[in-house]
DNA sequence: GACTGCTATATCGATTCGATATAGTTGGAA
DNA sequence: TTCCAACTATATCGAATCGATATAGCAGTC
């Protein structure tokens, strides 16, 4: 997924490593460590998906090669697996516009199903925790409840996104 | 943090590895992989913080030693660093009851400050993204907005927890 | 008694993290 | 002008973590 994110960002325009890190963080992904970033860049270079151009000083700007375009498409088209990470879904969403509308809805729908399952499990656990142990820790209950509410909010948000996508599709 | 979580769970009662994994997931933490769990158990055994007792079959129940209690206290008392992970904070919260009330509020307050900073940054980036590039991708904007709202919800939730803690403190 | 599925422990290679090393660049005070 | 402090940027290291897989015991069932 890191490789996918890097490729996607470089497809917009060439960037150097440090800038990639900032861009990843600004998309709300996560502050990837340099110990992940540079090995990922090396991987992509080795696959000849990206190539470096020297800039002033030590800087190197990386850009996507023709082969890299194909690698990106491959990753983009790949089926999201049922229980993929929050992070993986975020990255997928950031480049979702590259997919046709019907595929977009498919991706969001699969995510929705995953979240629903999670929610159901969480609810069962919470009920069990509340009843079984009469005096289960207040902070833990709060933790579980908050996790549940967050998941509910995520689902509602997804529904909004899907509705918007359908709305655009029907008017076009 | 994994070591801390394991110790905390084992302090309640002895469990075997598989059960630890389930317990971690049920607290809403995360489904730790066995490739993390068993090395963590080995680490704790080597530090003589926990010890194994054989059960039926291959099962081994782990329990906290006297030294382990001290290790747990040490981790519990350790200052949360400014930008600790969501996960790290969750674990901390799950065992927050072991701290005196004033320390609890301190921990939550630090977390709140961290989230506020995050929120401020996120807001600036969002404003920049909205104005600068007139037609920035819809999904990315949605992604950023949702991240912002989630953080806001987290802060509100934290405030509630702190208020509850103060409420209890004042009535006692 | 063989088979299927579940529980449980364990390990492997690849990836990621957090910390740190190193070097270029900028700006400001002495 | 020179020095130094702060920031940008690339890179690497060891430890922790992940995801996948191997293995084995145990329960039910046909």
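Bear in mind that the values in this text are calculations on the coordinates, not laboratory data. Here the structure is a predicted model, which means the values were calculated and not measured. A quick note on method: Cβ atoms are made from the backbone with ideal geometry, for glycine too, and the neighbour counts reach across all protein chains shown.
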Q: Identify all residues within the stretch B:6-25 that are surrounded by fewer than 17 Cβ atoms within 10 Å (Cβ to Cβ) and in a helix (DSSP H, G or I); write none if there are none.
A: B:11, B:12, B:18, B:19, B:22, B:25
Q | Matching residues, the stretch B:107-129, being more than 22 Å from residue B:164 (Cα to Cα) and crowded, with 16+ Cβ neighbours inside 10 Å | A | B:118, B:119, B:122, B:125, B:126, B:129
Q. Which of the residues belonging to the stretch A:7-26 are in contact with a strand residue (DSSP E or B) (Cβ under 7 Å, 6 or more places away or on another chain) and over 23 Å from residue B:123 (Cβ atoms)?
A. A:7, A:10, A:11, A:14, A:15, A:16
Q | Selection count, the stretch B:129-165, where residues are over 27 Å from the mean Cα position of the chain (by Cα) and more than 9 Å from chain A (Cβ to nearest Cβ) | A | 8
Q: Within the stretch A:26-42, work out how many residues are in a helix (DSSP H, G or I) and either over 16 Å from residue A:63 (Cβ atoms) or within 17 Å of the chain's Cα centre (by Cα) (or both).
A: 8
Q) residue A:104 is checked against (1) without any contact (Cβ under 8 Å) to a residue 40 or more places away in the chain; (2) surrounded by 16 or more Cβ atoms within 10 Å (Cβ to Cβ); (3) within 15 Å of the chain's Cα centre (by Cα) and fails just one. What number does that condition carry? A) (1)
Q: Among what's in the stretch B:31-50 and is within 13 Å of DNA strand C (Cβ to nearest atom) and buried (at least 16 other Cβ atoms within 10 Å of the Cβ), pick the residue that is nearest to the other protein chains (Cβ to nearest Cβ).
A: B:32
Q: Quick one: count up the residues across the stretch A:52-109 that are part of a helix (DSSP H, G or I), in contact with a helix residue (DSSP H, G or I) (Cβ under 9 Å, 6 or more places away or on another chain) and away from every other protein chain (no Cβ under 14 Å).
A: 9
